[in-house]
Amino acid sequence: MDILSYFNYWVVMALMMLGFYIVIARGNLVKKLIGLNIFQTSVFILYISAGNVYDGAAPILAEGVEAYSNPLPHVLILTAIVVGIATTSVGLALVMRIYESYGTVEESEILEQDEAC
Amino acid sequence: MLSQLPILPVLLPLLGAPLCALLSRPVVAWAFACAVAVLTFAASTFLLAAVWQQGAMSYALGGWDAPWGIEYRIDLLNGLILVLVSGMASLVLLGGRASIWQETPERKRGMFLVAFLLCLAGLQGIAATGDVFNLFVFLEISSLSTYALVAAGKDRRALVAAFNYLIMGTIGATFILIGIGFIYMLTGTLNMTDLAERLPALAESRTAFAAFVFIVVGVCLKLALFPLHLWLPSAYTHAPSMVTVFLAATATKVALYVLIRFSFSVFRFEFTTLALPLETVFIVLGLVAVFAGSMVAIFQPDLKRGLAYSSVAQVGYMVIGVGMGTMNGVQAALIHMFNHALMKGALFMALAGIVYQLGSSQFSSLRGMGQRMPVTCACMVLGGLSLIGMPGTAGFVSKWYLVVAAADREQWFLVVAILAGSLLTAVYMWRVVEAFYLTPADIDGAAPKLRSEAPAGLLAVTVALALANVYFGLDSRLPVETAGGAAASLLGVPVR
Amino acid sequence: MEIFVDVVLLSMLVATAVALILVRGLMASIMLTSIYGLLSASFFVTMDAVDVAFTEAAVGAGVAPLLLLMTVALVGRREERTVSRHALVPLLLVTMTGALLIVGTLDMPPFGSADAPANQHVSPRYLQHTEAEIGIPNVVTAVLASYRAYDTLGEALVIFTAGVAVILILVPGDGRGTAQATLPDPISGDRQGIVHVVSKILIPFVLLFALYVQFHGDYGPGGGFQAGVIFASAFILYGLLCGLPAVVRVIPPTVVEVLAALGVLLYAVTGVLSLLGGKNFLDYSVLASDPVTGQHIGIIVIELGVGICVASVIIRIYYAFAAHLDRQRV
């Protein structure tokens, strides 16, 4: 059980760092949004892992089941997933308009155009 | 009715936004939005008065008591924020129609107003709640609507500014979510009061320490505390004028509220000072913000951008107050928060009038504006005097309290720094005065144009805000006593 | 066995994330994102988080790649290699964040334990009292729709805000309406093709399944949000096949916008009814003479509100993206 509990956590950390790295190190705006998505999803894994009970069942009340996993993180993450997709869609809408105005979605090229103004 | 009061300041804009989306004619939508904002302001004022009389009010949403359900908890601190945010929203909507109409194509005006009401609902929801996850949800409502409002600016750089704000804002919100996750793992609850009871037992926990750091960093991204301020100058500069007024007066204030709430009510300052040298960090970063922000502001060719950097500097003052951790310090920070909303509100509102007539906020275009738009320029100068901290203005009151708080702790270098910051602001405002009054208009010889003041509504609101600076400079009982009461409850007596 | 599945899924997730860093080119990145969403959903199933898995599958492997693909159809698949002027700064920031995360693990309670603080105090009460107080088996729905209903109203508002934001950003200011696309849509040319025939048969079943998920959410995994996404996907499928003008004829954008607002209002007004009944906002016990029946009514109504709002907003966002694409291509 110990390996499992800490393994989940190490993976969460790795995913957070990988996602965060993509957001800040990649210049393509769409790639940044993808990285943001990875970063946010890793947080979901953190919450869900925290709420898992090893011998428990899904938190739907049923006959004969004694232990359930914790329902509260599930509720929180449902909301967080909605927030994530909302952010992604607004971000992508902005990217489309930026492409229309600048002709590119690479951060470096956009900066060049703005500095030239 | 009285017991239902805590929900109204959030419920009104929350209902108003989708209703506004159903209205087809933009003028009708605008009138409706004004009504919603004014009603929200009225409800917030009654609520603050009620809290003054009977103490903190608690409200169980869904009829379920905390910590099983979500709780709204209104005390003097968030009561003041609710009044401030809804007041500014009302002023912006009432006076800003001409500016919004000019800067937004007709088809978008309706949705612009809906987004504005959503932003108001989000900010109010952040202030009123007593549940940390609920705070996160409403933070995202206000953030998403803000990104769209900033992107509605005419210049294409507004789009890039909005995108960068989205990236940085979402990283900040995700950090806050990580912090919430950690403290949930440690305590099993999301209610602020409940957390405050359970966290002291975990003072040694490194997980709690990491949680606090994540939350503070996330909030400081929203607060635009140096060095996490990178999104702010471009966002303020390229957003539509009225959006800048509203954001400058409210968004960072609410972020400061969240910082104070987490530092004092949830984590308790003893925890934070023992675990981290938070006091030092805040004071140092605050000082850097004050100096860097003010210096950069002086050299900006665009007045709007300069005022944005000035906001970064002013956030520094507020954080210094928080960092001091004494009652005087926190009180000073809260007073400055209130006054800064009035100052920047007046400055950006006056600037909106100028942009409405001129189409530009570059210093080179502003020469001789003192003659063309005398009232607007006078208001801007008044706001500037308040920013510097001239006696008789609201700015003087907050600077005074900051200096007294620093002197109390015998941190004389802080006193010197605060005064030096005012000096830099004075240099900056002198540039503005010089452009308005001392440089002849139209150096290239074209015929001087006649006076053309800002539209009536905009002008009225600008004058109101400028005069508010004077009023609260002379009679500062409301902000001072409310801030004092809030600081006392944050630091002294336990939360309940 | 469970541990083995868990380890495999999480390792694949990490591999996908690493691949995303190394890969250059947006098409491949989007495919990897979709895989990432599906793997996450599978992981959530092994963690007994069935509602979450459902939502993540619909969103992370469905809506998100869809919107990404539509964006890339406009901006192109090219992804430049980043000019590494300040290559160290991102690494430094990530390392600092990683260090802080490591510090966070040091005193963390072990996962999977029923005695962990996270699983004490508040959550056991939900599990123990849901049957008596709310009367439905799905505890997640009970918490989402009743105990923490206000958060879910916030969630509905978030998705509504996203719709408003996308409209504000993408709808053109100059009166060009949703495109009357004169270009033949590439897929719709072949009316007898396999994709067409199969999809047209599937669409009614998709809609029916959405309704099932909507109303069965009290008893099994499901609920307003998942149902809304599935419902929207039927319309999006039709739009992808037959072109934007065809689907716009079925539900015009203005109708969709009105429905989105009505969805949020349905939810909020239920709360107002509670106020009028003398109780606090979103207290469903006023809706019927018996509090548990009141809870049932309240939950069904607000879930419906969420479902309508989500479906409408996702359809509207699809319309906005598709119309923007058509204008650009014309």
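Scanning segment B:67-80 for residues that are without any contact (Cβ under 8 Å) to a residue 40 or more places away in the chain, within 10 Å of another protein chain (Cβ to nearest Cβ) and in a helix (DSSP H, G or I) turns up nothing. For beta carbons closer than 8 Å, sequence separation of 6+ or different chains, a first residue in segment C:281-305 that is on the phi < 0 side of the Ramachandran plot and a second that is of a type in the set (Asp, Glu), the qualifying pairs are C:PRO291/C:GLU133; C:VAL292/C:GLU133; C:GLN295/C:GLU133; C:HIS296/C:ASP218; C:ILE299/C:ASP218; C:ILE300/C:ASP218. In segment B:427-439, how many are crowded, with 17+ Cβ neighbours inside 10 Å and over 17 Å from B:ILE354 (Cα atoms)? Looking only at that region, the number is 1. Among the residues of segment B:150-172, those that are under 27 Å from B:SER90 (Cβ atoms) and either without any contact (Cβ under 8 Å) to a residue 60 or more places away in the chain or facing another protein chain (nearest Cβ under 8 Å) (or both) comprise B:ALA151, B:ALA152, B:ALA162. Being more than 7 Å from chain C (Cβ to nearest Cβ), crowded, with 24+ Cβ neighbours inside 10 Å, under 23 Å from B:MET185 (Cβ atoms) and in contact with a Gly (Cβ under 9 Å, 6 or more places away or on another chain): is that true of A:LEU46 here? Spelling it out, A:LEU46 is indeed more than 7 Å from chain C (Cβ to nearest Cβ), crowded, with 24+ Cβ neighbours inside 10 Å, under 23 Å from B:MET185 (Cβ atoms) and in contact with a Gly (Cβ under 9 Å, 6 or more places away or on another chain).
Conditions (1) more than 14 Å from every other protein chain (Cβ to nearest Cβ); (2) free of Cβ contacts under 8 Å to residues at least 40 places away in the same chain, marked per residue:
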{"site": "B:VAL28", "(1), (2)": "yes, yes"}
{"site": "B:CYS34", "(1), (2)": "yes, no"}
{"site": "B:ALA37", "(1), (2)": "yes, no"}
{"site": "B:PHE41", "(1), (2)": "yes, no"}
{"site": "B:PHE46", "(1), (2)": "yes, no"}
{"site": "B:ALA50", "(1), (2)": "yes, no"}
{"site": "B:GLY55", "(1), (2)": "yes, yes"}
{"site": "B:ALA60", "(1), (2)": "no, yes"}
{"site": "B:GLY63", "(1), (2)": "no, yes"}
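The single residue among C:VAL59, C:VAL5, C:VAL63, C:VAL52 that is in a helix (DSSP H, G or I), aliphatic (A, V, I, L, M) and over 19 Å from A:THR88 (Cβ atoms) turns out to be C:VAL5. When segment A:63-80 is filtered for residues that are more than 7 Å from chain C (Cβ to nearest Cβ) and more than 23 Å from C:VAL306 (Cβ to Cβ), the ones remaining, listed by number, are A:GLU63, A:GLY64, A:VAL65, A:GLU66.
Within segment B:96-109, not a single residue is modelled with pLDDT under 95, within 27 Å of C:TYR267 (Cα to Cα) and surrounded by 23 or more Cβ atoms within 10 Å (Cβ to Cβ). Among the conditions (1) facing another protein chain (nearest Cβ under 7 Å); (2) buried (at least 16 other Cβ atoms within 10 Å of the Cβ); (3) among the charged types (D, E, K, R), C:GLU131 misses just one, which is (2).
All conditions but one from (1) under 21 Å from A:ILE22 (Cβ atoms); (2) at the interface with chain A (Cβ under 7 Å from one of its Cβ atoms) apply to C:ALA49; the one that does not is (1).
Considering only residues of segment B:248-265 that are aromatic (Phe, Trp, Tyr) and closer than 16 Å to B:ALA332 by Cα, which is modelled with the lowest pLDDT? Of everything passing the filter in segment B:248-265, B:PHE264 is modelled with the lowest pLDDT. Number of residues in segment B:193-252 that are of a type in the set (D, E, K, R), in a helix (DSSP H, G or I) and surrounded by fewer than 24 Cβ atoms within 10 Å (Cβ to Cβ): the value is 4. Helices (runs of 4 or more DSSP H) fully within segment B:286-393 that include at least 1 residues being crowded, with 22+ Cβ neighbours inside 10 Å and of a type in the set (S, T, N, Q): B:303-324, B:327-358, B:374-388. Scanning segment A:81-101 for residues that are under 12 Å from the mean Cα position of the chain (by Cα), more than 7 Å from chain C (Cβ to nearest Cβ) and under 18 Å from B:ALA115 (Cα atoms) returns a single hit, A:THR87.
All of B:ILE126, B:ILE141, B:ILE167 fail the test of being surrounded by fewer than 24 Cβ atoms within 10 Å (Cβ to Cβ), in a helix (DSSP H, G or I) and among the aliphatic types (A, V, I, L, M), apart from B:ILE167.
The single condition among (1) touching a residue at least 12 places away in the same chain (Cβ under 8 Å); (2) of a type outside the set (Lys, Arg); (3) within 8 Å of chain B (Cβ to nearest Cβ) that C:GLY154 does not satisfy is (1). Exactly one residue out of B:VAL38, B:VAL28 is aliphatic (A, V, I, L, M) and over 26 Å from the mean Cα position of the chain (by Cα): that is B:VAL28. Kindly indicate the residue of segment C:134-151 that is at the interface with chain B (Cβ under 9 Å from one of its Cβ atoms) and in contact (Cβ under 8 Å) with a residue 60 or more places away in the chain and also nearest to B:ALA162 (Cα to Cα) among those meeting that condition. Of everything passing the filter in segment C:134-151, C:TYR150 is nearest to B:ALA162 (Cα to Cα).
Of everything in segment A:64-117, what is among the aromatic types (Phe, Trp, Tyr) and either in contact with a Cys (Cβ under 7 Å, 6 or more places away or on another chain) or part of a helix (DSSP H, G or I) (or both)? Give them in sequence order. Of everything in segment A:64-117, those that are among the aromatic types (Phe, Trp, Tyr) and either in contact with a Cys (Cβ under 7 Å, 6 or more places away or on another chain) or part of a helix (DSSP H, G or I) (or both) turn out to be A:TYR99, A:TYR102.
Okay, residues lined up against (1) assigned to a helix (DSSP H, G or I); (2) in contact with a Phe, Trp or Tyr (Cβ under 9 Å, 6 or more places away or on another chain); (3) not assigned by TED's automatic domain parsing to the domain that holds C:ALA162:
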site: C:PRO245; (1), (2), (3): yes, no, no
site: C:GLU257; (1), (2), (3): yes, no, no
site: C:ALA260; (1), (2), (3): yes, yes, no
site: C:GLY263; (1), (2), (3): yes, yes, no
site: C:LEU275; (1), (2), (3): yes, yes, no
site: C:ASN280; (1), (2), (3): no, yes, no
site: C:ILE297; (1), (2), (3): yes, yes, no
site: C:VAL306; (1), (2), (3): yes, yes, no
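Please work out which one of (1) part of a helix (DSSP H, G or I); (2) surrounded by fewer than 24 Cβ atoms within 10 Å (Cβ to Cβ) is the condition B:LEU113 fails and give its number. The single condition B:LEU113 does not satisfy is (2). B:ILE141 satisfies every condition listed in (1) facing another protein chain (nearest Cβ under 9 Å); (2) modelled with pLDDT under 95 except (2). Taking A:ILE81, is it hydrophobic (A, V, I, L, M, F, W, C), in contact with a helix residue (DSSP H, G or I) (Cβ under 7 Å, 6 or more places away or on another chain) and touching a residue at least 12 places away in the same chain (Cβ under 8 Å)? So A:ILE81 passes the test.
Among the residues of segment A:59-73, is any touching a residue at least 12 places away in the same chain (Cβ under 8 Å), buried (at least 24 other Cβ atoms within 10 Å of the Cβ) and of a type in the set (Gly, Ala, Ser)? Yes - at least one qualifying residue is present in segment A:59-73.
Under the condition of being assigned to a helix (DSSP H, G or I) and touching a residue at least 24 places away in the same chain (Cβ under 8 Å), the residues counted in segment C:8-30 number 8. Taking segment C:71-110 as the range and being β-branched (Val, Ile, Thr), within 32 Å of the chain's Cα centre (by Cα) and within 30 Å of A:TYR9 (Cα to Cα) as the test, the residues that pass are C:VAL94, C:THR95, C:THR97, C:ILE102, C:THR105.
The values are calculated or read from the model by the stated rules, or taken from the named source; none is laboratory data. Please read these numbers as outputs of a predicted model, since none were measured by experiment. Neighbour counts run over all protein chains shown; Cβ positions are idealised from the backbone, glycine included.
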